[in-house]
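Engineer: What follows is a structure written as structure tokens; I'll ask about it next.
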Number of protein chains: 2
Amino acid sequence: MQNSDAMALTAALLAAAGGLTQRIHEGVVARGFEGVRPAHGFAFARLAPDGATVTDLAVHLGVTKQAASQLVDELVRKGYAERRPHPADARARLVVMTEAGWACTRAAEAAAAEAVGAWAEVLGEDGVRALRAGLLRVAPGGPIRPSW
Amino acid sequence: MQNSDAMALTAALLAAAGGLTQRIHEGVVARGFEGVRPAHGFAFARLAPDGATVTDLAVHLGVTKQAASQLVDELVRKGYAERRPHPADARARLVVMTEAGWACTRAAEAAAAEAVGAWAEVLGEDGVRALRAGLLRVAPGGPIRPSW
DNA sequence: AGCTTATGGTCAAGTAGCTTGACTATCTCT
DNA sequence: AGAGATAGTCAAGCTACTTGACCATAAGCT
């Protein structure tokens, strides 16, 4: 294996991840959800199904809790999430999705399925499955944020 | 294929790309190159082997030419690149790597090979090859910058 | 119980990397 | 030669993040 092949793999990964994220985002916008960024989608993934605290979100997204708090502010302002008192800890607040948040999540999943479907036409269903399986094995708990 | 599988694939891609980028960056720093960001590495990829103009770089990185120009400023200030008059166009300037730039590139390739080597222990050499081949087929000219 | 330390969250201020807008110099096309 | 396109820079502004300080509550220790 040449060193340059490793760089090519890295570039291909970034290109694939970036392209897919972009397509999903476009699909979400096309379904009528404006003002949402891809990061919000990954926040939703952590909020579902039972909500999460700001600190949970911060860990999941790989940012400071202040940044996560600002992101929640934005989601609340746009009507996608709510802050509720935490049932077991008076310091914490449980962030839960509203119905609008769920609708946005469903839109993102549909858009993602559409984008991945285009890949299946190139690689075949099995190829996509193999790709996902391989990625899950090498990046089990990697950072969700690419964040250069 | 479930919709949620498509989201899992996206998350795995981001995690893999982010993790790999991060490891390479750490490897480059460990080899004594400070003050470089991953974006610089992808700039180097375009500068090699014959240099490039600021506009070329901007297209390659998916940013405005002002942003690319700032990035070149930084590379020049740190001694990794130089601006030369363009041999065929008096408006343009050819940005070329210095010897330090080449050394940094070699360090990045070594770090990348190391990081990918860890993957080969999980997937096997063939698995990594298959992964790269699949990614190259679905993301031929995707954006290098994930840039949410 | 009471004290100490750790944890969840917010407020405030600062920053890095990007953007848009305006401008000059040079090239290209007719 | 003139008109428009293109390479590059300067300047200003924005956005998503950061660090640092702070308060309220929880958990652990004696």
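The values are calculated or read from the model by the stated rules, or taken from the named source; none is laboratory data. All figures in this text were calculated on a predicted structure; none of them were measured in a lab. Using ideal geometry, Cβ is built from the backbone for each residue, glycine included, and neighbour counts are taken over all protein chains shown. Just the protein is used for accessible areas: all its heavy atoms, side chains included, with ligands, DNA and RNA removed. Shrake-Rupley method; radii C 1.70, N 1.55, O 1.52, S 1.80 Å.
Engineer: Note down all Cβ pairs under 8 Å where the first residue falls in segment B:34-46 and is within 16 Å of DNA strand D (Cβ to nearest atom), the second is assigned to a loop (DSSP other than H, G, I, E, B) and open to solvent by 30 Å² or more (accessible area, probe 1.4 Å), and they're at least six residues apart or on different chains.
Structural biologist: Listed pairs, sorted by first residue: B:Arg37/A:Trp148; B:Pro38/A:Trp148; B:Ala39/A:Trp148; B:Ala39/B:Arg145.
Every residue, every condition in (1) open to solvent by 80 Å² or more (accessible area, probe 1.4 Å); (2) away from DNA strand C (no atom under 11 Å from the Cβ); (3) away from chain B (no Cβ under 14 Å), yes or no:
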residue	(1), (2), (3)
A:Arg77	yes, yes, yes
A:Arg83	no, no, yes
A:Leu94	no, no, yes
A:Gly101	no, yes, yes
A:Glu114	yes, yes, no
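Engineer: A follow-up question, please. Does A:Leu61 fit the bill of being surrounded by 16 or more Cβ atoms within 10 Å (Cβ to Cβ), within 12 Å of DNA strand D (Cβ to nearest atom) and without any contact (Cβ under 8 Å) to a residue 40 or more places away in the chain? Working first, answer last.
Structural biologist: Working: surrounded by 16 or more Cβ atoms within 10 Å (Cβ to Cβ): yes; within 12 Å of DNA strand D (Cβ to nearest atom): yes; without any contact (Cβ under 8 Å) to a residue 40 or more places away in the chain: no.
No: the conditions fail for A:Leu61.
Engineer: Condition first: open to solvent by less than 30 Å² (accessible area, probe 1.4 Å) and either away from chain A (no Cβ under 14 Å) or touching a Ser or Thr at 6+ places or on another chain (Cβ under 7 Å) (or both). Now tell me which residues in segment B:39-53 satisfy that. First the steps, then the outcome.
Structural biologist: Keep residues of segment B:39-53 that are open to solvent by less than 30 Å² (accessible area, probe 1.4 Å), which gives B:39-44, B:47, B:51-53.
Within segment B:39-53, B:Phe44, B:Gly51, B:Ala52, B:Thr53 meet the criteria.
Engineer: Let me ask you something else. Name the one entry in B:Ala17, B:Ala11 that is under 30 Å from A:Ala133 (Cβ atoms), at the interface with another protein chain (Cβ under 7 Å from one of its Cβ atoms), in contact (Cβ under 8 Å) with a residue 24 or more places away in the chain and open to solvent by less than 50 Å² (accessible area, probe 1.4 Å).
Structural biologist: When all the criteria are applied, what remains is B:Ala17.
Engineer: Looking at this structure, is A:Glu109 surrounded by fewer than 20 Cβ atoms within 10 Å (Cβ to Cβ), closer than 16 Å to A:Gly41 by Cβ and under 18 Å from the mean Cα position of the chain (by Cα)? Spell out how you get there, then give the answer.
Structural biologist: Details: surrounded by fewer than 20 Cβ atoms within 10 Å (Cβ to Cβ): no; closer than 16 Å to A:Gly41 by Cβ: yes; under 18 Å from the mean Cα position of the chain (by Cα): yes.
For A:Glu109, the condition - surrounded by fewer than 20 Cβ atoms within 10 Å (Cβ to Cβ), closer than 16 Å to A:Gly41 by Cβ and under 18 Å from the mean Cα position of the chain (by Cα) - is not met.
Engineer: In segment A:1-22, how many are among the polar types (S, T, N, Q) and either more than 21 Å from A:Leu71 (Cβ to Cβ) or not in a helix (DSSP H, G or I) (or both)?
Structural biologist: 4
Engineer: Could you list, in sequence order, all residues of segment B:23-38 that are facing chain A (nearest Cβ under 8 Å) and surrounded by 18 or more Cβ atoms within 10 Å (Cβ to Cβ)?
Structural biologist: Scanning segment B:23-38 gives B:Ile24, B:Pro38.
Engineer: Can you name the residue in segment A:64-75 that is under 15 Å from the mean Cα position of the chain (by Cα) and under 20 Å from B:Ala15 (Cβ atoms) and is also most open to solvent (accessible area, probe 1.4 Å) among such residues?
Structural biologist: Looking only at segment A:64-75, we keep the residues that are under 15 Å from the mean Cα position of the chain (by Cα), and these are A:68, A:71-72, A:75.
If we keep only those that are under 20 Å from B:Ala15 (Cβ atoms) too, we end up with A:68, A:71.
On the way: A:Ala68: 2, A:Leu71: 19 Å².
Of everything passing the filter in segment A:64-75, A:Leu71 is most open to solvent (accessible area, probe 1.4 Å).
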